[in-house]
Amino acid sequence: MRLTVVGCSGSGPGPSSAASCYLVEHDGFRLLLDLGNGAFGALQALADPDTVDAVYLSHLHGDHCLDVVPMVVWHRYSGRSSRRRVPLIAPAGAQERLQQVYDSGGAPLTDVFDFAVTPVSALLGPFTVQTTRTAHPVECHAVRLTAHGSSLVYTGDTGPSRAVVDLARGADVLLAEAAQPEGDDQPRDLHLTGRQAGEAAAAAQVRRLLVTHVPAWVDPVAQLAAARSVFPAAELVRPGVTYEV
Ligand SMILES: [Zn+2]
Ligand SMILES: [Zn+2]
């Protein structure tokens, strides 16, 4: 399985990265995890949009879903789309929400996407998919992808969560958000600090931690150092970089 970071800027696009989007490939199947603002631009430098086989949205905050809109425009008007409908997995209500974002008249997006509500478990192309609710103000699902004996877990957005640790247990790679700077007045059930991302990786006994979703106004080096203080096998992801899982 190969993971390519399309965008990793937390909570919105930053000066050097789009918001959340990860391309996961195995056996020629291409899955996008999230499609945050700016990501559809960066995607075009990494993959032909027509080759995206499915889209998984962890939740409906703008930094994880807004570039569904330019993807619809591309499929409808670029003349380069093969017009096969793309499975789009997302929390309930995504179809209506994204339709409204696209156009207040609310034309259905079902000519481009085949919407499905996030399952607890499913098969998707070569991947076994398992999900769990995270600790976040809106419905958000962490996801575990398994293929050919390798496993990747992506937290989406979450505060400290026993359910996410359980989902990640023994995974090869935990791609974890670390949006929250260290401090003593951390809001509950919103985001992880670097240290908390490290603690989740240690508790789940994963092999490797990839730290992501650091907002442009938070020091990424400090987030990584805090994660490494409890889980040394951690690194900070960078846009455009591919990681073997
Ligand atoms: Zn976010
Ligand atoms: Zn969020």
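Laboratory data are not the source of any read-out in this text; all were calculated from the coordinates shown. The model shown is predicted, which means the values in this text are computed figures rather than measured ones. Glycine gets a Cβ as well: all are built from the backbone with ideal geometry, and neighbour counts include every protein chain shown.
When all alpha-carbon pairs of the stretch 1-70 are counted, what percent fall beyond 21 Å?
Across the stretch 1-70, Cα pairs with separations above 21 Å total 14 percent.
Toward the positive end of the charge dipole of the stretch 1-153, about the Cα centre and with charges on Cβ (Lys, Arg +1; Asp, Glu -1), which of Ala94, Ala147, Tyr22 goes farthest?
Ala147
Based only on the alpha carbon positions, what is the Kirkwood hydrodynamic radius of the chain, in angstrom?
Computed over Cα pairs of the chain, the Kirkwood hydrodynamic radius comes out at 17.7 Å.
Please report the antiparallel percentage of DSSP beta bridges with both residues in the chain, rounded to the nearest 5. Please list the in-between numbers first.
Working: 29 of 54 bridges.
If we restrict to bridges inside the chain, about 55 percent are antiparallel.
Label Arg85 and Ala45 with points 7 Å out from Cα along Cα→Cβ: what is the distance between them in nm?
For the pair Arg85/Ala45, the computed spacing is 3.4 nm.
What does the C-alpha gyration tensor say about the overall shape of the stretch 185-245? Classify as rounded when a/c is under 1.5, otherwise prolate if a/b is larger than b/c, or oblate.
oblate
Under the rule a/c < 1.5 gives rounded, and otherwise a/b versus b/c splits prolate from oblate, where does the stretch 81-160 land using the Cα gyration tensor? Kindly include the intermediate steps, with their values, before the conclusion.
Details: a/c = 2.96, a/b = 1.35, b/c = 2.19.
Note, shape of the stretch 81-160 comes out oblate.
Distance between the C-alpha centers of the stretch 24-57 and the stretch 184-219? Whole Å please.
Using only Cα atoms, the two centres lie 24 Å from each other.
What does the charge add up to near Leu174, with Lys and Arg as +1, Asp and Glu as -1, over the other residues with Cβ less than 11 Å from its Cβ?
Charge balance in the 11 Å sphere: +2.
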